[in-house]
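Engineer: Provided herewith is a single structure, encoded as structure tokens, for subsequent inquiry.
The values are calculated or read from the model by the stated rules, or taken from the named source; none is laboratory data. Note that the structure is a prediction, hence the values are computed from the model and not measured. Glycine also receives a Cβ, built like all others from the backbone with ideal geometry; neighbour counts cover every protein chain displayed.
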Amino acid sequence: MQLEQIQNFEGKYPKQVWHLFLTEMWERFSFYGMRGMLTVFMVKELFFNDQEANLKYGAIQAFVYAFTFVGGLFADKILGFKKSLFWGGALMIVGSFILAVSPHEFFFIGISVTVIGTGFFKPNISTMVGALYKDNDDRRDAGFGLFYTGINVGALLGGFLCVWVGKSYSWNLAFSLAGFVMIIGLITFYFTKKHLGPIGDSPLKELSSKKRKTRELLVFAGSLICIPLILIMIKNTAYTDMFMYIIGPATIIYLVYEMTKLTKIEVYRLLAALFFIFFSIVFWAFFEQSGGSLSLFALNNLHGTVLHIPIDPNVLNNTANSVFVIAFSALIGLLWIWLAKRKSEPNTMIKFGFGFLFLALAFYIFYATRFFADENGVTSLDIFTVAYLVITLGELCLSPIGLSIMTKLAPKHLWGVMMGMWFLASAYGQYAAGILGAGMANPDENATNTEKLISYTNGYYQLAIYALIAGVVVIALSPLIKKLMGGVK
Ligand code: GLN
């Protein structure tokens, strides 16, 4: 199939988006299944204390997203997106089965293999979605919106099933479930990849096959060598701090080097992309309270019913976001298409700005839960759920749009790198989220529930203010960034 044919599709979505949707759905099942098990497993089975488990969790999450930069870079330069995806998926399968064999003995080895695998998989599948569209196709954001639904169907199923199987039956089984599901993901990609035509093929087609193979083998070997290094860094979280200090500036230096080879317009566009990346760090640092402080808030300060239906507040905290993404993502995608037809679709900056305004409102609602607390410091899960709805609307204005804009602003040979940088911002967001969450927690170990409620909600109030400021700044700067974007919307 030719690229022209793919990009000239009729209707709202190209059919390949559905194939990538399914592949990514299974990968996210495996990823969020694993993510959901990490802290519980470390505390219950490896007997880590809460603080240690949280720090290790933060380190693992930060590494997962940080390696997407490396995966994106090597996909651009050597492997191509398709091969990267197979290599990453294969490593994720191996990592899951290492964990399945003996999670207690091989926990950190299995996780390290999975980290590298995700790095090669995650940015490159998102980039292929972007490649299905011509430069000025208005339907691109909607396509990413749909793809984002796939992410969350997988996240919901995996986050729920793996943790449930692990806690109630067997951890070995739960980790192998993550591995099996990833096999389904790769099989799905194998049988549908022919419809992608040249998208994701090797960037080194002009080299002789021997030279190309040697380079590919070097990448494979290099990534295997990284596994023990990651192992060491995860085991010692001080090294994680060091890694985080180095990787960000290093990627910026690399990007500046790439910029020297580009035209002025291309450089301006990359600067605009960096602006989005910077603000996304702030967004994720607040948003990712969900895995940290909000889950502790759910543990201590919430009633166990929504609309009179009993539900564990932690289960709600883990699943509400995905459920709301599934419910609203396609709708918002169609809203963008509808507005585009009427020539009144807001540009990416304004959508980003709205993302922050929703974020601010959501944290204001998290703060406002304190006004509904009883004398034991326990408050309404209904209101907490409304805050999740609002935060998800914010996410939908920013996260799928961010994926989309990376593929619009970067020249083709830097797509993988820029997608990697987008996810690297998530790595920093995760890292900062832990620090913010720790700062909000009441330091007194014997604090009452009411005292805990007060200190967390004070923190949420602060976050609401900062998110509001960020939203106003983004919207105010939109004319300037629009200029840098040079015609890209
Ligand atoms: N929930 C989305 C995903 O898993 C976005 C995650 C992120 O970028 N932090 O892809």
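Engineer: Which condition breaks for F283 when tested against (1) under 17 Å from V472 (Cα atoms); (2) assigned to a loop (DSSP other than H, G, I, E, B)?
Structural biologist: (2)
Engineer: Please specify each residue of segment 124-153 satisfying the condition of being under 20 Å from R342 (Cα atoms) and within 13 Å of the ligand (Cβ to nearest atom).
Structural biologist: Across segment 124-153, the qualifying residue is only G145.
Engineer: Please enumerate the residues belonging to segment 113-123 that are within 15 Å of the ligand (Cβ to nearest atom) and either β-branched (V, I, T) or surrounded by fewer than 24 Cβ atoms within 10 Å (Cβ to Cβ) (or both).
Structural biologist: Those that are within 15 Å of the ligand (Cβ to nearest atom) and either β-branched (V, I, T) or surrounded by fewer than 24 Cβ atoms within 10 Å (Cβ to Cβ) (or both): T114, V115, T118.
Engineer: Take segment 74-86 and flag every residue that is hydrophobic (A, V, I, L, M, F, W, C) and buried (at least 24 other Cβ atoms within 10 Å of the Cβ).
Structural biologist: Scanning segment 74-86 gives F74, A75, L79, F81, L85.
Engineer: Separate question: Could you grab the pairs with beta carbons closer than 6 Å, sequence gap of 6+ or different chains, first residue in segment 468-489 and farther than 21 Å from V282 by Cα, second one at pLDDT below 90 and not in a helix (DSSP H, G or I)?
Structural biologist: K489/N347
Yes/no matrix, rows are residues, columns are (1) loosely packed, with under 13 Cβ neighbours inside 10 Å; (2) within 16 Å of the ligand (Cβ to nearest atom); (3) outside any helix (DSSP H, G or I):
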{"position": "L231", "(1), (2), (3)": "no, no, no"}
{"position": "F243", "(1), (2), (3)": "no, no, no"}
{"position": "I253", "(1), (2), (3)": "yes, no, no"}
{"position": "E266", "(1), (2), (3)": "no, no, no"}
{"position": "R269", "(1), (2), (3)": "no, no, no"}
{"position": "L294", "(1), (2), (3)": "no, yes, no"}
{"position": "F328", "(1), (2), (3)": "no, yes, no"}
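Engineer: Separate question: Evaluate the following for L73: is it part of a helix (DSSP H, G or I) and within 23 Å of A285 (Cα to Cα)?
Structural biologist: So L73 does not fit the description; no.
Engineer: Among the candidates S126, S176, single out the residue that is closer than 29 Å to F324 by Cα, polar (S, T, N, Q) and surrounded by fewer than 23 Cβ atoms within 10 Å (Cβ to Cβ).
Structural biologist: Going through S126, S176 in turn, just one is closer than 29 Å to F324 by Cα, polar (S, T, N, Q) and surrounded by fewer than 23 Cβ atoms within 10 Å (Cβ to Cβ): S176.
Engineer: Shifting gears a bit: Hey, could you check segment 296-322 for residues that are in contact (Cβ under 8 Å) with a residue 60 or more places away in the chain and outside any helix (DSSP H, G or I) and say which is surrounded by the fewest Cβ atoms within 10 Å (Cβ to Cβ)?
Structural biologist: Ranking the qualifying residues of segment 296-322, first place goes to L307.
Engineer: Follow-up question, since we're still on this one. Of the residues T407, T379, T392, which single one is crowded, with 18+ Cβ neighbours inside 10 Å, away from the ligand (no atom under 16 Å from the Cβ) and of a type in the set (S, T, N, Q)?
Structural biologist: One residue alone meets the criteria, T379.
Engineer: State which residue is nearest to the ligand (Cβ to nearest atom) when the search covers only segment 154-173 and only residues that are surrounded by 20 or more Cβ atoms within 10 Å (Cβ to Cβ) and among the hydrophobic types (A, V, I, L, M, F, W, C).
Structural biologist: Once the filter is applied, the top-ranked residue is A155.
Engineer: Scan segment 370-400 for residues that are over 17 Å from N314 (Cα atoms) and either of a type in the set (D, E) or touching a strand residue (DSSP E or B) at 6+ places or on another chain (Cβ under 6 Å) (or both) and jot them down.
Structural biologist: F372, A373, D374, E375, E395
Engineer: Still on this model: Under the condition of being surrounded by fewer than 17 Cβ atoms within 10 Å (Cβ to Cβ) and part of a helix (DSSP H, G or I), which residue from segment 1-21 is nearest to the ligand (Cβ to nearest atom)?
Structural biologist: W18
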